Amino acid sequence: QVRLVESGGGSVLAGGSLRLSCAAPRTITSVFRANVMAWYRQAPGKQRELVASITGGGTTVYAESVKGRFTIYRDNSRKTVTLQMTSLKAEDTAMYYCHARDVEESWGQGTQVTVSS
């Protein structure tokens, strides 16, 4: 499994921006590169949903609700994945989780994002 450390959540007004970062400091580079990295979120009373994912080669997938507003990117040499969020809406409020998947899957501890209108 990959140990994931998240940072960057917080509170922001609607229309604002936040950047979430996820690092895998104890993972060797080749293992990190092999993992599909993703950000999921879970709002109170709702199921966890995929926000965005990125393969080791840089192929990305986004939820329809965040297309054009969020960008996911990764740095394999630094073993990090970042979610840049812009034009935030109240409905983006949730706990955001970093996720890694190869043969096994790993989850970060979660970071709260709160958007107030």
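The values are calculated or read from the model by the stated rules, or taken from the named source; none is laboratory data. Being a predicted model, the structure only gives us computed values, none of them experimental. Don't worry about glycine lacking a Cβ; one is built from the backbone with ideal geometry, like all the others, and counts go over all protein chains shown. Just so you know, the surface numbers come from the protein's heavy atoms only, side chains and all, with ligands and any DNA or RNA stripped out. Shrake-Rupley method; radii C 1.70, N 1.55, O 1.52, S 1.80 Å.
Just to confirm, what accessible area per residue do you get for region 66-117 at 1.4 Å probe, in whole Å²?
On a per-residue basis, region 66-117 sits at 49 Å².
Under 5 Å between amide H atoms, partner at least 5 residues away or on a different chain: which partners does Lys89 have, H built in plane at 1.01 Å?
Amide H neighbours of Lys89: Gly15.
Per residue of region 74-91, in order, report the coupling 6.51 cos²θ - 1.76 cosθ + 1.60 (Karplus, θ = phi - 60°) as ³J(HN,Hα) in whole Hz, putting x for Gly and Pro.
Along region 74-91, the couplings run 9, 10, 5, 5, 9, 6, 10, 9, 10, 10, 8, 10, 10, 6, 5, 10, 4, 6 Hz.
In Å and from the alpha-carbon atoms only, list the Rg and Dmax of region 73-112.
12.4, 35
Could you tell me which residue out of Thr55, Ala90, Ala100 lies farthest along the dipole of region 45-117 toward its positive end? Charges go on the beta carbon: Lys and Arg +1, Asp and Glu -1, centred on the Cα centre.
Checked the options; the winner is Ala90.
Compute, for Arg69, the solvent-accessible surface of its heavy atoms (probe 1.4 Å) with the complete set of protein chains present, and express it in square angstrom to the nearest 10.
Accessible surface of Arg69 is approximately 30 Å².
Between Gly15, Gly57, Gly45, find the one with the highest GNM mean-square fluctuation for the chain; connect C-alpha pairs within less than 10 Å.
For the chain, modelled as a Gaussian network with Cα springs under 10 Å, the answer is Gly45.
Give the span of the chain's Cα atoms along each principal axis, as three whole-Å numbers ordered largest to smallest.
42, 25, 21
I'd like the carbon and sulfur percentage of the solvent accessible area for region 1-59, probe radius 1.4 Å, heavy atoms only, ligands and nucleic acids excluded.
Ligands and nucleic acids excluded, carbon and sulfur reach 50 percent.
Could you check which residue among Ala14, Ala38, Ala23 shows the biggest mean-square fluctuation in a GNM of the chain with a 10 Å Cα cutoff?
Result for the chain, Cα springs under 10 Å: Ala14 fluctuates most.
222 nm [θ] for the chain, helices only, -39500 (n - 2.57) per DSSP H run of 4+, per residue, to 500?
The helix-only estimate for the chain comes to -1000 deg cm²/dmol at 222 nm.
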